[in-house]
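Working notes, beginning with the structure itself.
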Amino acid sequence: MFLVRAWYNKAGWLILLRPLSFLFSALALGRRQRQQASQQQAAVPVIVVGNISVGGTGKTPLVLALSQALHERGISTGVLSRGYGGRAPQYPFAVTVDSDVRHSGDEARLLRRHHGGPMWVDPQRRRGLQALIDSHQCDVVISDDGLQHYRLWRDIEIAVVDGTRGLGNGWCLPAGPLREPPARLTQVDYIVINGANRALNEDALSAGETPVTTMRLVPEYWVNVKTGARAELQSLPVPTALSQDIHALAGIGNPQRFFDSLQDLGWQAQCHAYDDHHAYSAVELAFARDKVLLMTEKDAVKCESFAGEHWWSLVVSAELDQGFSEAFCDQVAHMLAVRKQQTQMAVSEQEAQQQ
């Protein structure tokens, strides 16, 4: 957490790590070139939703929103994930509604809760992609993260940027939070700024001609972590005796985003920030056993087995710019039409050769 704060506060002492950043960038470029040489076009279009910075930026809600937009256009989607934080009995691993979060990882478990189509996880994404395609009928596959997994074929790349924190000091690891230089954003198909709370433009992002759009996370309702019961945003059943001692936790890329959302909803809580993907335990959270504890849905999937009676998670959805959503769906529909035409032409040529 100390290093993260230094990156985004642009601490001056980080310049001492700049030589290592140059080395990291060179190694990353070499790795990218080697892996891209081994890419093989997939049987269906692949959309990669990722980022160039360390930590979460809102990729998972965007994946769900894109999947829903495609579904409304009659296009079925499968979802692929690394399954970070989980260890499945075997890989590739099909995530079901009954999958243990310890097997799937928190993000995949969250995706499975809202995504109606097939969902697979595999640290080797190309292998997981093939298993997903072989096992299910889906028109396209969306990969949650994987922008730097260059062995994985991609037809569309979408980079998500945290609108509050931006690109930090703009430097690569370890002097800054970036996995790749800002110029990488000129090579993706779309840039989505999650929650543009400050001025971020194409110049600041080195986006060039890459289309830049925004999204915002909209609170939908509360879910009781223990029972699964729902409550409206303004009707959370908090006992009067506990209303003065409310706690909140967040183990996501930017915990402050969640704490700010609670404040916007009128909740004053004692906030506890954890590292992204933090694995909670009953002992660790025993302090809130009989208290009101508010958390993100991503945190909740790891606390269900030992949740207290008054533990609630906030369900959010990504609200996309209508123009971006339509342009994206149009692009995918066009790709599918081209692929269908190519398949028909190949079949016709094969039949002609056999005659």
The range 227-304: relative contact order as a whole-number percent, Cα under 8 Å and 6+ apart: 39
Isotropically averaged projected area of the range 149-272, using the convex hull of Cα atoms (one quarter of hull area), nm²: 10.7
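Return the Rg/Rh value of the range 250-327, two decimal places, where both radii are evaluated on C-alpha atoms and Rh is the Kirkwood radius. All intermediate terms of the calculation are to be shown ahead of the outcome.
Values: Rg = 14.5 Å, Rh = 13.8 Å.
Rg/Rh for the range 250-327 comes to 1.05.
Considering Cα pairs under 8 angstrom that are at least six residues apart, work out the relative contact order of the chain and quote it in whole percent. Could the numbers behind the result be given before it?
Values: 671 pairs, mean separation 67.0, N = 355.
For the chain, the relative contact order is 19 percent.
At a 1.4 Å probe radius, carbon and sulfur cover how many percent of the accessible area of the range 10-73?
Values: 1960 of 3250 Å².
The C+S portion of the solvent-accessible surface of the range 10-73 is 60 percent.
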Where only alpha carbons of the chain are counted, the Rg and the Dmax (Å): 21.5, 83
Placed amide H near ILE246: partners under 5 Å, 5+ positions off or other chain: GLN270
Phi-based couplings in Hz for the range 17-33 (Karplus 6.51, -1.76, 1.60; Gly and Pro marked x): 9, 4, x, 5, 5, 4, 5, 4, 4, 5, 5, 5, 5, x, 4, 4, 5
TYR84 accessible area, 1.4 Å probe, all protein chains in place, Å² to nearest 10: 110
Under Karplus coefficients 6.51, -1.76 and 1.60, residue-wise ³J(HN,Hα) of the range 226-233 in Hz, glycine/proline x: 7, 9, x, 5, 9, 9, 5, 3
The range 76-111: trypsin sites (Lys or Arg not before Pro) in DSSP coil with no more than 14 other Cβ atoms inside 10 Å: ARG87
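Which values, in whole Å and largest first, are the semi-axes of the equivalent ellipsoid of the range 198-338 obtained as the square root of 5 times each eigenvalue of the Cα gyration tensor?
Values: eigenvalues 249, 58, 47 Å².
So the equivalent ellipsoid measures 35, 17, 15 Å along its semi-axes.
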Rounded D (µm²/s) - the range 1-156, Kirkwood Rh over Cα pairs, Stokes-Einstein at 10 °C, 1.306 mPa s: 94
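Based on the Kirkwood radius over alpha-carbon pairs, what value in µm²/s does the Stokes-Einstein equation return for the translational diffusion coefficient of the range 1-51 at 10 °C and 1.306 mPa s?
Details: Rh = 14.2 Å.
D = 112 µm²/s.
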Overall form of the range 65-162 per C-alpha gyration tensor (a/c, 1.5; a/b vs b/c): rounded
Sequence-separation-based contact order of the range 45-118, relative, with Cα cut under 8 Å and 6+ spacing, percent: 29
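The values are calculated or read from the model by the stated rules, or taken from the named source; none is laboratory data. Since we're looking at a predicted model, the values are computed, not measured. Every residue, glycine as well, gets a Cβ built from its backbone with ideal geometry; the counts of neighbours run over all protein chains shown. Ligands, DNA and RNA are excluded from the accessible area calculation, which covers all protein heavy atoms including side chains. Shrake-Rupley method; radii C 1.70, N 1.55, O 1.52, S 1.80 Å.
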